[in-house]
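Chemist: Take this structure first; my questions come after.
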Amino acid sequence: MRILMIEDNKSVSDMMGMFFKKERWNVTFVYDGLKAIETFKTDPEQWDIVLLDLNLPGKDGMEVAAELRRTSQSIPLIMLTARDSESDQVLGLEMGADEYITKPFSPITLIARIKALYRRVSMSRETMTQGAQNAKFDVRTAHLKISTSTREVYLDEKLISDLTPKEFDLLKTLAQKPMQVFSREQLLQIVWDYEYYGDERTVDAHIKKLRQKLEAVGPQVVQTVWGVGYKFDDSKIDED
């Protein structure tokens, strides 16, 4: 696995470096925001996962995250930071983080989270590669088509090409069972799997970004059921 770790605290980098070495992972350490963007953009495809601190010299971590996401929608991104307020966590997820881990953290827990995220993304990429030559829309509704094999989504025949892996999985989970209400806890278990240690704000932040991308090309199909969770419903669009 090839990891880019962006962390200005050398003691944290050195500590994690020892754990990464035991896993036989290839890790590049960068200590400021501007250098991080430059390093990533040199060859975005070489990285399997990015670990990003927020309190960075040169350029703030949130700005770095936004720039990384503009360069690659698919790169798995884990934020590591001492900022533990609810607003910071929600903002981090909205800026494109797949996971948000607050310091201090257990190195063993971080290793487990990296493995879980990498496993999910690798499975998605393998499925996409195998099916690229023969796209099949295995989820269809009145206005939406989803191909799991190619990770393609069409809303009213318009391609939505900028979904992150988590946004795609959220939309597919909801669209597979139209009108069924999923609680935030259920979505955490399905999309992030049992190894995820986050909270329900993670779901809300990803749903918000997903809705923005859906609204950019067509009608809103992800509905909030207040006090319960979310559902997919495009049955009444033609009536409006």
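The values are calculated or read from the model by the stated rules, or taken from the named source; none is laboratory data. Computed from a prediction, not measured in an experiment: that's the story for all the values here. Note: ideal-geometry Cβ built from the backbone for every residue, glycine included; neighbour counts use all protein chains shown.
Chemist: Condition first: under 16 Å from PRO165 (Cα atoms) and either of a type in the set (Gly, Ala, Ser) or crowded, with 23+ Cβ neighbours inside 10 Å (or both). Can you find one or more residues in the range 4-13 that meet it?
Modeler: No, because not a single residue in the range 4-13 is under 16 Å from PRO165 (Cα atoms) and either of a type in the set (Gly, Ala, Ser) or crowded, with 23+ Cβ neighbours inside 10 Å (or both).
Chemist: Name, by its number, the condition in (1) at pLDDT 90 or above; (2) small (Gly, Ala, Ser); (3) surrounded by 14 or more Cβ atoms within 10 Å (Cβ to Cβ) that does not hold for SER74.
Modeler: Here SER74 clears every test but (1).
Chemist: Please verify whether LEU210 is within 24 Å of LEU91 (Cα to Cα), touching a helix residue (DSSP H, G or I) at 6+ places or on another chain (Cβ under 6 Å) and surrounded by 15 or more Cβ atoms within 10 Å (Cβ to Cβ), treating the condition exactly as stated.
Modeler: yes
Chemist: Output the residues belonging to the range 55-93 that are in a loop (DSSP other than H, G, I, E, B) and among the polar types (S, T, N, Q).
Modeler: Correct list: ASN55, SER72, GLN73, SER74, SER85.
Chemist: Inside the range 213-226, can you point out the residues that are at pLDDT below 90 and over 21 Å from GLY96 (Cα atoms)?
Modeler: Residues satisfying the conditions are GLY218, PRO219.
Chemist: For the range 44-54, which positions are assigned to a loop (DSSP other than H, G, I, E, B), under 20 Å from ASP162 (Cα atoms) and without any contact (Cβ under 8 Å) to a residue 60 or more places away in the chain?
Modeler: TRP47
Chemist: Is the range 80-87 home to any residue that is under 23 Å from THR102 (Cα atoms) and surrounded by 22 or more Cβ atoms within 10 Å (Cβ to Cβ)?
Modeler: yes
Chemist: Would it be correct to say that LYS41 is assigned to a loop (DSSP other than H, G, I, E, B) and either at pLDDT below 90 or farther than 20 Å from ASP84 by Cβ (or both)? Working first, answer last.
Modeler: Values: assigned to a loop (DSSP other than H, G, I, E, B): no; either at pLDDT below 90 or farther than 20 Å from ASP84 by Cβ (or both): yes.
Spelling it out, it is not the case that LYS41 is assigned to a loop (DSSP other than H, G, I, E, B) and either at pLDDT below 90 or farther than 20 Å from ASP84 by Cβ (or both).
Chemist: Then there is this: Which is modelled with pLDDT of 85 or more, assigned by TED's automatic domain parsing to the domain that holds ASP156 and of a type in the set (Lys, Arg), of LYS145, LYS115?
Modeler: Matching residue, one of LYS145, LYS115: LYS145.
Chemist: Would you confirm whether or not the range 159-177 contains a residue that is outside the structural domain of LEU77 (by TED's automatic domain parsing), hydroxyl-bearing (Ser, Thr, Tyr) and within 20 Å of ASP234 (Cβ to Cβ)?
Modeler: Scanning the range 159-177, I find at least one residue that is outside the structural domain of LEU77 (by TED's automatic domain parsing), hydroxyl-bearing (Ser, Thr, Tyr) and within 20 Å of ASP234 (Cβ to Cβ), so the answer is yes.
Chemist: Just one of (1) touching a Ser or Thr at 6+ places or on another chain (Cβ under 7 Å); (2) in contact (Cβ under 8 Å) with a residue 60 or more places away in the chain trips up GLU86, so point out which.
Modeler: Unmet for GLU86, out of (1) touching a Ser or Thr at 6+ places or on another chain (Cβ under 7 Å); (2) in contact (Cβ under 8 Å) with a residue 60 or more places away in the chain: (1).
Chemist: Going through GLN133, GLN180, GLN186 one at a time, which residue ends up being at pLDDT 85 or above and farther than 30 Å from ILE111 by Cβ? First the steps, then the outcome.
Modeler: Details: GLN133 fails: at pLDDT 85 or above; GLN186 fails: farther than 30 Å from ILE111 by Cβ.
From the options GLN133, GLN180, GLN186, the qualifying one is GLN180.
Chemist: Right, next: Taking ASP60, is it touching a residue at least 40 places away in the same chain (Cβ under 8 Å) and more than 19 Å from ALA116 (Cα to Cα)?
Modeler: no
Chemist: Select from the range 93-115 the residues that are touching a helix residue (DSSP H, G or I) at 6+ places or on another chain (Cβ under 8 Å), touching a residue at least 40 places away in the same chain (Cβ under 8 Å) and crowded, with 16+ Cβ neighbours inside 10 Å and list them in ascending order.
Modeler: Scanning the range 93-115 gives LEU93, GLU94, GLY96, ALA97, ASP98, GLU99, TYR100, LEU110, ILE111.
Chemist: Also, I was wondering about something else. Please go through the range 154-175 and pick out each residue that is surrounded by 20 or more Cβ atoms within 10 Å (Cβ to Cβ) and in contact with a His (Cβ under 7 Å, 6 or more places away or on another chain).
Modeler: If the condition is that a residue be surrounded by 20 or more Cβ atoms within 10 Å (Cβ to Cβ) and in contact with a His (Cβ under 7 Å, 6 or more places away or on another chain), then LEU155, LYS166, GLU167, LEU170 are the ones that fit.
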